[in-house]
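Asker: Sending over a structure as structure tokens; questions will come in a sec.
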Amino acid sequence: MSTVIGLYRQFYEETGDPVAASNLVLAHAMLNPQVEETKALKVSEAAKRLRISDKKVYQFCEEGRLRHHRIGNSIRIRPEDIEEFIQESEGPKESNRPHRRRYRHLRL
């Protein structure tokens with residue numbers, strides 16, 4: 001996990017001390033400046049990534065299908081939640097059901 005939250009969880013599991021875990025995250029960030037917090041996206045940004053309308057994003061959030069966070073009156077969506085939504089929406093790749101020919105009764 002390269003996010004700050006992921007690093008904190010990892011260090012907390014290792015140490016069991018929240019203060020020590022925070023200090024380790026800070027030290028790690030100072031030694032590795034490329035580690036950044038993932039930015040939560042606005043509804044319009046999430047809609048562009050999903051290639052759907054803003055209205056659909058609001059609908060999916062309201063239905064509980066797309067995980068989101070409310071900050072005041074606005075909605076923010078993490079990129080990880082978008083990826084999870086895509087994975088859940090795609091469903092299984094292969095079907096165990098055999099392919100049926102639609103027009104078997106027709107003779108050519």
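Computed from the coordinates by the stated procedures, all read-outs in this text should not be read as laboratory data. Every value quoted in this text rests on a predicted model; they were computed, and no experiment measured them. For neighbour counting, all protein chains shown are included, and Cβ atoms are generated from backbone atoms with ideal geometry for every residue, glycine included.
Asker: What share of all Cα pairs of the range 1-80, in percent, falls into each consecutive 5 Å distance bin?
Answerer: 3, 14, 20, 15, 11, 14, 12, 8, 2
Asker: Expressed as cubic angstrom per residue, what is the convex hull volume of the alpha carbon set of the range 43-90?
Answerer: Hull volume over Cα atoms, normalised by residue count, gives 68 Å³.
Asker: What distance in nm lies between label points placed 7 Å from Cα along the C-beta direction at Gln59 and Leu31?
Answerer: Going by the 7 Å Cα→Cβ label model, 5.0 nm.
Asker: Under a point spin-label approximation (7 Å from Cα along Cα-to-Cβ), what is the Lys39-Ser89 distance to one decimal in nm?
Answerer: Each label point is offset 7 Å from its Cα along the Cβ direction, giving 2.2 nm.
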